[in-house]
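Below: the structure, in structure tokens.
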Amino acid sequence: MRIRLSLFAAISLAACGNGDPESTQSSVSDGSKADYILVDKSDREMLLYRKGKIISRYKGVQFGDAPIGHKQFEGDERTPEGDYTISGRNPASRYHLSLRISYPNAADRAFAKAKGKSPGGDIFIHGQPDWSPLKRLKHDWTDGCIAVTNAEIEQIWKLVPDGAKITIRP
């Protein structure tokens, strides 16, 4: 009887998915491409939209080491806030795959210039570090980028074309 209960428990747990309560990526099978991305830093959530409808949702999104506030200067380890676009992709990224965010925009550059500093750049949505055996690092760790799991970035990579709009809100 104990063996049957143990076997039932093991099968039940295996059926519950990947064990990552943060992962909520959805499957989009109709070939839809996202035209808009919303990143909510306070909820740690990324939503992909097509014509105003959510087509995919990702929870547990990770940010820069200093996640509160808008990126202002190179090295501040903050993730930008505002409206940008996806302006390129890097299939050879050190973080599995990456989609470039068009930070800094004109306002970001002007603010940094007025303070005599560089606004920084190279902000991406990307997967986990190639060197890490973990599915997801357990803390905010980027230098200002938006990190998701490798499985999530693989799906995002397929769903988000260059030129898609992205809003990152506090």
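Among the numbered conditions (1) under 22 Å from LEU159 (Cα atoms); (2) at pLDDT 95 or above; (3) aliphatic (A, V, I, L, M), the only one that ALA110 does not meet is (1). Considering the range 38-98, the qualifying strands (runs of 3 or more DSSP E), each wholly inside and each with 1 or more residues that are more than 16 Å from ILE125 (Cβ to Cβ) and open to solvent by 80 Å² or more (accessible area, probe 1.4 Å), run over 45-50, 53-59. Going by the conditions given, is LEU137 at pLDDT 95 or above, closer than 17 Å to LYS59 by Cβ and over 12 Å from the mean Cα position of the chain (by Cα)? No: the conditions fail for LEU137. Count of the range 130-160 residues, restricted to those that are open to solvent by less than 50 Å² (accessible area, probe 1.4 Å), more than 18 Å from LYS71 (Cβ to Cβ) and touching a strand residue (DSSP E or B) at 6+ places or on another chain (Cβ under 9 Å), is 10.
Within the range 99-118, take every residue that is hydroxyl-bearing (Ser, Thr, Tyr) and open to solvent by 30 Å² or more (accessible area, probe 1.4 Å) and give me the one that is nearest to the chain's Cα centre (by Cα).
For the range 99-118, the residue satisfying everything is SER102.
The values are calculated or read from the model by the stated rules, or taken from the named source; none is laboratory data. Predicted model only: the values in this text are computed from it and were never measured. Counting neighbours? That spans all protein chains shown, and the Cβs are built from the backbone with ideal geometry, glycine included. To get the accessible areas, we keep the full protein, side chains included, count just its heavy atoms, and leave off ligands, DNA and RNA. Shrake-Rupley method; radii C 1.70, N 1.55, O 1.52, S 1.80 Å.
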